[in-house]
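First comes the structure, then the notes that go with it.
The values are calculated or read from the model by the stated rules, or taken from the named source; none is laboratory data. Being a predicted model, the structure only gives us computed values, none of them experimental. We place every Cβ from the backbone using ideal geometry, glycine too, and count neighbours over all the protein chains shown. Accessible surface is based on the protein model in full, side chains and every heavy atom, while ligands, DNA and RNA are left aside. Shrake-Rupley method; radii C 1.70, N 1.55, O 1.52, S 1.80 Å.
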Amino acid sequence: MVPVADAEGGPDMVSFRELARRLVADGIVERISHQRVSKISREDPDFPPVATIGSSKAVDYRLAAPYFRSRVTRPGWRTDLKGRPPKE
């Protein structure tokens with residue numbers, strides 16, 4: 001069955017929770033939480049447009065998937081395991 005969005009050419013709007021699930025299921029990211037998606041959406045001006053539907057936030061998956069594929073990650077320093085990062 002072809003999703004309605006694909007058949008009609010409209011957006012494929014998904015909640016942040018569903019976006020996180022699909023990004024992992026499609027192998028785009030190894031793991032991500034909907035909270036992390038929400039934080040990225042607030043902090044990165046290049047994040048795809050976000051729509052508010054009721055009390056939920058939604059984004060077009062056809063814009064979000066390429067954004068996450070090309071996103072450069074910068075993993076943080078684990079201070080709980082390694083202590084403070086070395087001075088550069």
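Details
- Accessible area expressed per residue, the range 16-76, with surrounding protein chains retained (probe 1.4 Å, Å²): 69
- The packing ranking of peptides 48-57, 14-23, highest mean first, is 14-23, 48-57, where packing means the average number of other beta carbon atoms within 10 angstrom of each residue.
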